[in-house]
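Chemist: Quick one: this structure, given as structure tokens, is what I'll be asking you about.
The values are calculated or read from the model by the stated rules, or taken from the named source; none is laboratory data. Since this is a predicted model, take the numbers as computed values, not measurements. Note that we place each Cβ from the backbone using ideal geometry, even for glycine, and neighbour counts take in every protein chain shown.
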Ligand code: NAP
Ligand code: MG
């Protein structure tokens, strides 16, 4: 029996009740206190200071981690410097073997890594399990392949590693950003000191154990925990020859200023405000999935998130209807539940930042849509949000929110879409949804963005370079390009 349109709409509104499907945590051993991983072993911090890392979904303390001071940073850089002499001269095929081993250990310990990543950062387990951890293993696997083929990567050039790399990463993809940083650095023959973000240090500390299991020579990888101050001590240490930073544009600029004239090499992966552009000939249902993935993946804590939806005026109404209906089916809650689509916001500070920007959107006159959803009593949460009636000058259309908040703008012609898409100080990524291949190429040529996805979004592969234009930073990570910042070519 056929159902009427109205019945179909009623049915679509009914949320299916899912039985809880929590991932087990009993196989995970989180220690109550951690030291600093320096010279191949865990060491007590000179600072004697520690700070807690919490689970943002429960506000419970998971562990105490060390806060590295200037002496600790100095020790880590010295250890990396000492290890550089032999690591850089080691037969490349042997370096390659260590990287393969690390990749395999990440795979073996995938479940544990995924659970820790979810507990420490708040992201849904289905994402840490299916995206963060497999991609991390793939990154080491990919660069393991390059380690003994550098002369083919850069034919007729002589290549030399730079020395100690100081690497600072954010909290949105802790293990994956670590892999993006460490794998190419080691493959090229450098040694590293890495500082994870203050709120998500645990997967990096598990990675330290993996380095020990892989019998990586002591000092090749050093992990020091701490807050912004520790990061700043690391990047300004004179023993560091190359700085790789992923984080906010604000801190990126600070670092760039502080490194001016030091001769240190620098790559910056900073913020973004990507346009996801839907043309009237796009397959709408697929586009809706792409929009949802583009902005609600990892609670929107994604530098390349499709946070500005540009939709062609002729299809704005039906597309938004479909989108709102789809967003109403997203399940928010326990990140360890395998059915969860939207997990916890990473920290209280980030939640306040999102709330502040959303308030500004309402004040400036945009129209807010949030589906009904139950917000857990403890922890930090923000419902998936859509703003329509957005003008290009609003803060929600200009500033990176780094939360599950989509701003919708419309356009009439492809030229207008390009102009609006590029009307941002950022330039990290963009998405184009259309049936026409020629239009995809036409748009991609005109977009000032490091990555342009066509009829897909947030798709990553270690072989493909990633990085920004303008205030989104410079330098590329991934692919052969990702080796360049870690080598001197002559
Ligand atoms: P953030 O405040 O810039 O922090 C990034 C890292 O830098 C953290 O480890 C942080 O330590 C450290 N840090 C803070 N101040 C520092 C200083 N003065 N010197 C050296 N290090 C310092 O950024 P966030 O808010 O954590 O991360 C979100 C940002 O990262 C967003 O803007 C996002 O777009 C960007 N991001 C970009 C990419 C990309 O590939 N382009 C990828 C992911 C994220 P604490 O955490 O302890 O403060
Ligand atoms: Mg945490």
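Chemist: For the stretch 118-133, does any single residue satisfy the condition of being farther than 20 Å from residue 89 by Cβ, touching a residue at least 40 places away in the same chain (Cβ under 8 Å), away from ligand 2 (no atom under 16 Å from the Cβ) and surrounded by fewer than 17 Cβ atoms within 10 Å (Cβ to Cβ)?
Modeler: No: zero hits.
Chemist: Scan the stretch 15-28 and tell me whether some residue there is surrounded by fewer than 17 Cβ atoms within 10 Å (Cβ to Cβ) and on the phi > 0 side of the Ramachandran plot.
Modeler: no
Chemist: Please list, ordered by residue number, the helices (runs of 4 or more DSSP H) wholly in the stretch 270-381 having 3 or more residues that are over 24 Å from the mean Cα position of the chain (by Cα).
Modeler: 316-327, 348-364
Chemist: If we scan the stretch 250-257, do we find a residue that is surrounded by fewer than 22 Cβ atoms within 10 Å (Cβ to Cβ), near ligand 1 (Cβ under 7 Å from one of its atoms), within 30 Å of residue 408 (Cα to Cα) and without any contact (Cβ under 8 Å) to a residue 60 or more places away in the chain?
Modeler: Yes, because at least one residue in the stretch 250-257 is surrounded by fewer than 22 Cβ atoms within 10 Å (Cβ to Cβ), near ligand 1 (Cβ under 7 Å from one of its atoms), within 30 Å of residue 408 (Cα to Cα) and without any contact (Cβ under 8 Å) to a residue 60 or more places away in the chain.
Chemist: All but one of (1) within 22 Å of residue 173 (Cα to Cα); (2) more than 8 Å from ligand 1 (Cβ to nearest atom); (3) in a strand (DSSP E or B) hold for residue 245; which doesn't?
Modeler: It fails just one condition, (2).
Chemist: Quick one: is residue 183 within 21 Å of residue 40 (Cα to Cα) and in contact (Cβ under 8 Å) with a residue 40 or more places away in the chain?
Modeler: Spelling it out, residue 183 is indeed within 21 Å of residue 40 (Cα to Cα) and in contact (Cβ under 8 Å) with a residue 40 or more places away in the chain.
Chemist: Another one. Regarding the stretch 468-487, can at least one residue be identified that is at pLDDT 95 or above, within 15 Å of ligand 1 (Cβ to nearest atom), assigned to a helix (DSSP H, G or I) and within 28 Å of residue 289 (Cα to Cα)?
Modeler: yes
Chemist: Select from the stretch 46-68 the residues that are part of a loop (DSSP other than H, G, I, E, B) and more than 15 Å from ligand 1 (Cβ to nearest atom) and write down the one among them that is surrounded by the most Cβ atoms within 10 Å (Cβ to Cβ).
Modeler: 57
Chemist: Also: Could you check the stretch 325-355 and list, in sequence order, the residues that are more than 28 Å from residue 202 (Cβ to Cβ) and exposed (fewer than 15 other Cβ atoms within 10 Å of the Cβ)?
Modeler: 325, 329
Chemist: For the stretch 20-29, indicate whether the set of residues that are modelled with pLDDT under 95, within 23 Å of residue 380 (Cα to Cα) and more than 16 Å from ligand 2 (Cβ to nearest atom) is non-empty.
Modeler: Checking the stretch 20-29: at least one residue is modelled with pLDDT under 95, within 23 Å of residue 380 (Cα to Cα) and more than 16 Å from ligand 2 (Cβ to nearest atom).
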